[in-house]
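The values are calculated or read from the model by the stated rules, or taken from the named source; none is laboratory data. No experiment lies behind these values; they were computed from the predicted model shown. Note that each Cβ is placed from the backbone with ideal geometry, even for glycine, and that neighbours are counted across all protein chains shown. With ligands, DNA and RNA removed, areas are computed over all heavy atoms of the protein, side chains included. Shrake-Rupley method; radii C 1.70, N 1.55, O 1.52, S 1.80 Å.
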Amino acid sequence: MTTTSTTSAGTSGGLRVSVHVAPYKRVANPAPGWDPARPATWPATTSTLVAGEREAVLVDGLVTDAESRELADWVLASSKRLTRVYVTHGHGDHFLGLAGLLAASPGADLVCLPQVAPEAAGQLGAEGMAVWNGLFPGQLPARLAQPAPLTGPLEVEGRPLHVLDVGRSDTSPTTVVHVPDADVVLSGDVAYDGIHPWLVGSDAAGRHEWLAALDAVERLGARRVVAGHRDPGAPDDDAARVLDETRQYLVDYEQALAASDSADELVARVDARHGSRGNPYTLFLSATSAFAAGAPAPQGEPSGAAGASGR
Ligand SMILES: [Zn+2]
């Protein structure tokens with residue numbers, strides 16, 4: 001597989017924002033019920049370099065050794081001094097592979113908001129490692145990275161990168177980075193661009209919170225939103241498009257779930273409107289979890305007004 005990258009500059013200021021997209025990658029050991037004739041994959045994932053004249057901050061990294069080496073080469077080729085890597089949320093696919101880049105970047109630290117640190121630390125525990133090694137056996141770097149709580153402001157050469165905790169999206173808490181100088185929000189997993197959002201284990205209240213997180217990003221008023229998971233063929237980073245499409249997916253998923261009696265039905269209903277999105281394996285996992293024993297009742301708005309009878 002090849003890695004694609006795009007570069008674009010902010011229009012108004014001195015910071016330049018470049019996006020690296022790691023492509024979809026095969027996962028091992030697909031969950032029972034997945035059609036073995038179809039490849040099960042992990043979503044394409046972005047890492048964004050925010051660069052000034054001499055220095056840069058990277059927002060989010062990757063997980064496997066091979067893709068993390070490619071990312072490190074890409075960052076080092078910028079010839080900027082990397083001062084920090086900021087991790088938007090605690091999912092290991094956005095940071096476990098960063099040790100090599102950090103070793104090659106003297107003085108750079110790996111940080112997240114203090115409230116994100118516990119989930120991130122958990123990814124390196126026995127349970128987290130069992131998940132990541134199960135997905136990518138023999139593909140993780142020998143040394144894994146773990147973010148430390150951020151102290152002080154996030155900035156590049158005195159220009160601010162505003163970090164905002166927007167609460168729950170595909171995990172909780174999740175944060176976004178607003179770079180006013182480049183008129184862009186780096187949304188982590190709060191927005192998904194052309195890829196099925198991760199709704200494994202979600203419930204109606206959580207999806208409602210996710211909608212509020214999208215509203216919070218919209219209120220920042222940036223022209224562009226770079227999603228943490230972006231299809232390599234996405235046409236642009238237009239904020240209105242990316243936020244509206246993520247919002248619509250969540251609304252449609254809610255309706256499809258309420259109307260479905262099985263995971264297969266849910267997949268079919270969501271696919272009818274969103275089948276062009278990448279990583280169908282994510283939708284399969286989300287739907288399977290929604291109908292697993294002990295899962296929250298699929299019906300029921302956060303208000304409790306609808307579907308109180310359960311499924
Ligand atoms: Zn993610």
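For region 110-127, enumerate the residues that are open to solvent by 10 Å² or more (accessible area, probe 1.4 Å), under 26 Å from residue 57 (Cβ atoms) and small (Gly, Ala, Ser). Listed by number, the residues that qualify are 117, 121, 122. Remark: pairs (first residue in region 157-182, polar (S, T, N, Q); second residue open to solvent by less than 40 Å² (accessible area, probe 1.4 Å) and assigned to a loop (DSSP other than H, G, I, E, B); Cβ separation under 7 Å; 6+ apart in sequence or on different chains) = 171/90; 171/91; 174/88; 175/88; 175/113; 175/116. Residues in region 188-206 that are open to solvent by less than 10 Å² (accessible area, probe 1.4 Å) and part of a helix (DSSP H, G or I): 4 in all. Among the residues of region 116-163, what is the count of those that are more than 18 Å from the chain's Cα centre (by Cα), of a type in the set (D, E, K, R) and in a helix (DSSP H, G or I)? Residues meeting the conditions: 1. Applying the selection to region 163-180, what residues are touching a strand residue (DSSP E or B) at 6+ places or on another chain (Cβ under 7 Å) and within 10 Å of the ligand (Cβ to nearest atom)? Of everything in region 163-180, those that are touching a strand residue (DSSP E or B) at 6+ places or on another chain (Cβ under 7 Å) and within 10 Å of the ligand (Cβ to nearest atom) turn out to be 171, 174.
Against the conditions (1) at negative phi; (2) surrounded by 14 or more Cβ atoms within 10 Å (Cβ to Cβ), residue 167 satisfies every one except (1). Checking region 242-250 against the condition returns a match, with at least one residue being under 18 Å from the mean Cα position of the chain (by Cα) and of a type in the set (Val, Ile, Thr). The condition (being within 14 Å of the ligand (Cβ to nearest atom), over 17 Å from residue 68 (Cα atoms) and touching a Lys or Arg at 6+ places or on another chain (Cβ under 7 Å)) is satisfied by just one residue among 193, 183: 193. A single entry from 213, 204 fulfils the requirement of being within 16 Å of the ligand (Cβ to nearest atom), small (Gly, Ala, Ser) and in contact (Cβ under 8 Å) with a residue 40 or more places away in the chain: 213.
Of all residues in region 77-95 being within 21 Å of residue 178 (Cα to Cα) and within 9 Å of the ligand (Cβ to nearest atom), which is most open to solvent (accessible area, probe 1.4 Å)? That would be 91.
Just a yes or no: is a residue in region 223-241 surrounded by 21 or more Cβ atoms within 10 Å (Cβ to Cβ), at pLDDT 95 or above and in a helix (DSSP H, G or I)? Scanning region 223-241 turns up at least one residue that is surrounded by 21 or more Cβ atoms within 10 Å (Cβ to Cβ), at pLDDT 95 or above and in a helix (DSSP H, G or I).
Look at region 225-253: where a residue is in contact (Cβ under 8 Å) with a residue 40 or more places away in the chain and away from the ligand (no atom under 16 Å from the Cβ), no partner that is of a type in the set (Phe, Trp, Tyr) and open to solvent by 10 Å² or more (accessible area, probe 1.4 Å) sits 6+ places away or on another chain with Cβ atoms under 6 Å.
Matching residues to (1) of a type in the set (Gly, Ala, Ser); (2) within 16 Å of the ligand (Cβ to nearest atom):
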| position | (1), (2) |
| --- | --- |
| 68 | yes, yes |
| 104 | yes, no |
| 119 | no, yes |
| 129 | no, no |
